[in-house]
Structures are given as C-alpha cells and as structure tokens.
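One structure below.
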C-alpha cells in the first residue's frame, strides 16, 4: 500500500510537472496507511502479503512428461518390480534347496552314526557259496577274510554274516 501511494505521488508529479510534493506529505500518507494496516488482523495481513498458492499436479507427475512417457515409466517400473520379485523368489528357492541339502546330509550322518554298515553293505554282492567259501566279485573268500573293510564272520547255507566297525549284517546270495 505504501508503494502505491508513493508511486501515485511520483507519477502525479511526473505527469503534471508543476505539481510538487513535499517529503513530509509523502511520509504522512505512508504513516496513515501503516496505521490502517496495524489495525487489521495479522491473518489478513499475512494473506495479503503472502498468497498461499500451490502448484501440484495429481499424483505428483512431472509436467514435462507426455502421456506416452508416463506409460513407458509405469511399464518400466512394473518390469523392475517383477524382476525384483523373481530375484526374491529365486533367493528363497536357493535357500530352500540349501536347507534341504543340509538336512539330507545331517540325516545321512545320523544314519551313519546309528548304522555304519550302510556304506559297505551296499557295495558287497555275494555271487555264490561253495562249502565254507564265499564268491564275491569273482574271488573266493573264507571265514576271517576281509572284503572292503568288512570281515566275514559266518557262512550259512544261503547267506554270509559280515562284521564292520562292531556291527554285524547279513548278505544273502544273489542268484
């Protein structure tokens, strides 16, 4: 407001040329307007001096992007999210496989602790029996002989008893 009065007075003095304004008159006009402004409420004064204008687009979109650009960005974001989801699933599957493999190894170790003969038992194949001799892998073995770490303890009519690490197991003749 002060500036309007001052500019009006100056404009009037410039237009008329003969019209002269004293500094005291200008100061009086300015002080009157300041008193009017002080009587107004502070909120009115703030609303007059600082307009509250917000420039925002819905969805915070960049005004420089075309609709095609926006669709392209949405598509790329969708692809990025799908790739992240696929990577997350891959990591979960790898973790599941790793845990399953660890569990399988743990179960195998527990089984070996309970029954260590499993390793040797599956490797021995009794091909035949001749009196008190055993035919294994094309060779003859007698009671007390050792084959792949397993000792032959007893030869029966159709089976052989082995001892391995303090555990006994029986293998039948494969025909």
Taking only the alpha carbons of segment 118-172, the radius of gyration and the largest Cα-Cα distance, Dmax, both in angstrom, are 9.8, 28
According to a simple spin-label model (label point 7 Å from Cα along Cα-to-Cβ), what is the distance in nm between residue 129 and residue 115?
2.1 nm
Centroid-to-centroid separation of segment 62-91 and segment 105-147 [C-alpha atoms, Å]
62 Å
Length added when fully stretched, residue 65-residue 87, from 0.36 nm per residue minus Cα-Cα:
4.9 nm
Could you estimate the translational diffusion coefficient of segment 58-114 from the Stokes-Einstein equation, with Rh from the Kirkwood formula over C-alpha pairs, at 37 °C and 0.692 mPa s, in whole µm²/s?
215 µm²/s
Note down the relative contact order for segment 118-172 as a percent, whole number, built from C-alpha pairs under 8 angstrom at least six residues apart.
26 percent
Per the Debye formula with a single identical scatterer at each Cα and no solvent contribution, what log10 I(q)/I(0) holds for segment 78-159 at q = 0.11, 0.15 Å⁻¹?
-0.54, -0.70
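Bear in mind that the values in this text are calculations on the coordinates, not laboratory data. Since we're looking at a predicted model, the values are computed, not measured. Neighbour counts run over all protein chains shown; Cβ positions are idealised from the backbone, glycine included.
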